[in-house]
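Heads up, the thing below is written out as structure tokens.
The values are calculated or read from the model by the stated rules, or taken from the named source; none is laboratory data. Predicted, not measured: the structure shown is a model, and the values here were computed from it. Virtual Cβ from ideal backbone geometry, glycine too; neighbours counted across all protein chains shown.
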Amino acid sequence: MSIETIDTTITLASWTKLAKLGSTTAVSGLSQMLNKDFAITALDIEEVSMRNASGMIRTPDATVIGIYLLFSGHASGQILLTFDPKIAYELVDMALDLPARSTVQLGEMERSVLGEMGNIVGAFFLNSVADCVGSRLMPSPPVIVQGPAGAIAGAVLAKASKTSESLFVIKLKFHSATKEIEGHFLVLPSFEKKS
């Protein structure tokens with residue numbers, strides 16, 4: 001399936017290049033926020049049909065913490081960034097400069113921190129992609145969700161299935177000198193030709 005933006009057809013091959021650039025830029029933004037020198041160690045991108053997508057994050061019953069954003073502009077769509085809860089808590093500890101394992105649940109402060117991470121990651125990712133295709137993409141305020149991976153993915157996919165037959169899953173690992181972080185992006189663009 002090809003996805004069209006203004007005068008640009010994005011196939012899986014070209015999207016892979018854009019997503020790698022966008023992900024690298026997003027991790028750079030996260031590094032700045034956390035004051036940690038992160039580097040990407042693994043980045044895999046796959047185009048997945050909607051019916052097979054719900055199992056791409058983790059096993060359906062596994063609990064995840066997700067950061068969900070809409071984006072709009074010359075294209076619209078959704079982004080869901082998910083982490084194992086322990087990893088999300090570690091990111092909060094880093095952002096607040098707390099000792100490791102200080103965060104054990106999500107309160108208002110922790111949600112605010114993860115929301116700001118979503119703002120940065122989403123904006124850096126979308127701006128990088130938009131610059132490459134000569135477009136404009138704007139993220140919405142992020143929503144923090146926690147629950148079974150299958151239920152969270154299903155809620156996102158239900159909305160996306162009205163306009164898309166497939167989505168792009170980005171499995172991303174990055175590390176600092178002492179930490180390796182693994183997360184999943186579900187990127188569900190709904191690009192339309194503009195007149």
Some residue of the stretch 14-26 being more than 14 Å from Val129 (Cβ to Cβ), at pLDDT below 90 and hydrophobic (A, V, I, L, M, F, W, C): no
Elements of type helices (runs of 4 or more DSSP H) contained in the stretch 69-171, each with 2 or more residues being within 18 Å of Leu18 (Cβ to Cβ): 108-133
Given (1) surrounded by fewer than 16 Cβ atoms within 10 Å (Cβ to Cβ); (2) modelled with pLDDT of 85 or more; (3) not polar (S, T, N, Q), index of the condition Leu34 fails: (1)
Flag if Ala123 is modelled with pLDDT under 85 and within 13 Å of the chain's Cα centre (by Cα): no
Residue match in the stretch 151-161 (condition: farther than 19 Å from Ile67 by Cα and modelled with pLDDT under 95): yes
The stretch 89-103 - residue that is at pLDDT 95 or above and within 18 Å of the chain's Cα centre (by Cα) and, of those, farthest from Val64 (Cα to Cα): Val92
